[in-house]
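Take a look at the structure set out below.
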Amino acid sequence: MLKSYSRAWCEIDYKAINHNLDEIQKLVGKTKIMGIVKANAYGHGDVACARQMAKWGVDFFGVSSIDEALNLRENGIDQDILILGYTPVEHFHYLYEKNIVQSLVSFEYAQKLNTFAKENDAMIRCHCKVDTGMCRTGIIYQDQDKHMDQIIAEYRLSNLSVEGIFSHFPVSDDLGVDSRTFTENQIRLFKEVIDNLKKEGIDCGIKHIQNSYGILNYMDLGMDYCRPGLLYMGVTSDDQIPILSNPDFIPIMSIYANVSLVKWIQEGQSVSYGRNFIATKPTKVATVSIGYADGIPRLLSNQGFEVLIHGKHCKVIGNICMDQCMVDVTDVENVKEGDICCFVGQMGQERVTIDTISRLAKTINNETMSAIAARVPRLEKR
């Protein structure tokens, strides 16, 4: 892939990660930070983000798969890495060969991993996952169904070094009474598990439960680590969701593309597939070299979505195409081929945000950023 500030590209302000980590640390007190870099650091570049965080002092990273963990190792990241998801049996050997920590997605899975480790005369590092309410992975420990015996048994498996324990919040972003009650009960259950382990004479290891909104709304819970993803990137899932803290984050991602053509169309002429935009007057149209295959959702079409050209807000018109889209630049002077169009970021005194894209596409920033295509280079902010 050619890496140039042309066609379509992201600019990442990696240095701003330090500022964002400082803001997170203020919220969580002495709790350490585990940088979540899964899904290519939500589209920001996993290796580059991990390197920057390591310079700041982050000593633990979270990924979703063995592939992502190996990519970090192959690029010189030697800090601890926790795989938050499932590793297939045929890849178990990488866990001890590359010193990677595996989350135990179930008790049965832990037994299978232990058998493999014993057969290969290995000790595999793990974290116990406790399901306090997400109902995704981990041993269930909820008011309706508590499997403390399995949690204890995981810690006592002969060839697994269970060095930590964690859970996950599904509604820490919601400040409604029901969601607050649910999350606070998760915290209670998690602490109950830890107390039960102590009673059995078991050191639970490092404890972590806070995701990004867990950090923003439940701040200092006295855990050993927290797990920010979006926050070190300087954004939340949606800037319209209320939170209980007031951090000063700096968004690190901007998205740009070039104007490839400027033309006038007349009243009655249509733009793009489906003819969903028909000019009611002479209109100056700029074709821009980015589309849904680059990660600009087609759902933004014909919703009044605005980008910046020459520092002025301009509407995207007609259906967004796979590799291109069209913009009404009638009121902007001297637009020409090669000019820069800003989809996310700041141009002059004006700003367009990832949040606007996500809301119009009826999703969250996590998905929008993760969906930016690999063919769009991630480049250092100029």
Sole residue being surrounded by 15 or more Cβ atoms within 10 Å (Cβ to Cβ) and free of Cβ contacts under 8 Å to residues at least 40 places away in the same chain, chosen from 265, 250, 255: 265
Checking the conditions here, which among 231, 221 is part of a loop (DSSP other than H, G, I, E, B) and in contact (Cβ under 8 Å) with a residue 60 or more places away in the chain? 221
Give the range 353-369 a look and list any residue that's open to solvent by less than 50 Å² (accessible area, probe 1.4 Å) and either within 11 Å of residue 309 (Cα to Cα) or polar (S, T, N, Q) (or both), or say none. 353, 358, 363, 365, 366, 368
For the range 268-277, which residues satisfy the criterion of being over 21 Å from residue 323 (Cα atoms) and open to solvent by 50 Å² or more (accessible area, probe 1.4 Å)? 269
I need every pair where a residue in the range 1-25 that is on the phi > 0 side of the Ramachandran plot and surrounded by fewer than 21 Cβ atoms within 10 Å (Cβ to Cβ) has its Cβ under 8 Å from the Cβ of a residue that is assigned to a strand (DSSP E or B) and aliphatic (A, V, I, L, M), sequence separation at least 6 or different chains. 7/257
Near pairs, Cβ below 9 angstrom, 6+ apart or cross-chain, from the range 134-146 (more than 14 Å from residue 106 (Cα to Cα)) to any residue that is surrounded by 11 or more Cβ atoms within 10 Å (Cβ to Cβ) and not charged (D, E, K, R): 142/132; 142/133; 142/185; 142/186; 142/189; 143/185; 143/189
If I ask for residues that are over 15 Å from residue 204 (Cβ atoms), open to solvent by 10 Å² or more (accessible area, probe 1.4 Å) and assigned to a helix (DSSP H, G or I), which ones from the range 115-156 would you list? 115, 116, 118, 119, 149
Please indicate, with yes or no, whether at least one residue in the range 182-198 is touching a strand residue (DSSP E or B) at 6+ places or on another chain (Cβ under 6 Å), aliphatic (A, V, I, L, M) and within 27 Å of residue 17 (Cα to Cα). no
Looking only at the range 188-214, count every residue that is in a helix (DSSP H, G or I), of a type in the set (Lys, Arg) and either closer than 30 Å to residue 366 by Cα or in contact (Cβ under 8 Å) with a residue 12 or more places away in the chain (or both) and tell me the total. 2
Report whether or not residue 241 is out of contact with any strand residue (DSSP E or B) (no Cβ under 6 Å at 6 or more places or on another chain), open to solvent by less than 50 Å² (accessible area, probe 1.4 Å) and under 30 Å from residue 379 (Cα atoms). yes
What are the residue pairs meeting all of these: first residue in the range 160-181, first residue closer than 21 Å to residue 206 by Cα and assigned to a strand (DSSP E or B), second residue at pLDDT 95 or above and open to solvent by 60 Å² or more (accessible area, probe 1.4 Å), Cβ atoms under 6 Å, and 6 or more apart or on different chains? 161/123
Can you name every residue in the range 333-362 that is in a loop (DSSP other than H, G, I, E, B) and either in contact (Cβ under 8 Å) with a residue 40 or more places away in the chain or within 14 Å of residue 301 (Cα to Cα) (or both)? 335, 336, 337, 338, 339, 348, 353, 361, 362
Keeping to the range 35-91, report how many residues are among the small types (Gly, Ala, Ser), open to solvent by less than 10 Å² (accessible area, probe 1.4 Å), in contact (Cβ under 8 Å) with a residue 60 or more places away in the chain and assigned to a helix (DSSP H, G or I). 2
Does residue 322 satisfy being under 30 Å from residue 38 (Cβ atoms), touching a residue at least 12 places away in the same chain (Cβ under 8 Å), open to solvent by 10 Å² or more (accessible area, probe 1.4 Å) and not in a helix (DSSP H, G or I)? yes
Taking the range 92-114 as the region of interest, how many residues are touching a helix residue (DSSP H, G or I) at 6+ places or on another chain (Cβ under 6 Å) and either of a type in the set (S, T, N, Q) or part of a strand (DSSP E or B) (or both)? 2
Total residues in the range 126-148, condition over 22 Å from residue 60 (Cβ atoms) and among the basic types (Lys, Arg): 1
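The values are calculated or read from the model by the stated rules, or taken from the named source; none is laboratory data. Here the structure is a predicted model, which means the values were calculated and not measured. Reconstructed Cβ throughout: ideal geometry from the backbone, glycine too, with neighbour counts over all protein chains shown. Surface accessibility is based on the protein's heavy atoms, side chains included, excluding ligands, DNA and RNA. Shrake-Rupley method; radii C 1.70, N 1.55, O 1.52, S 1.80 Å.
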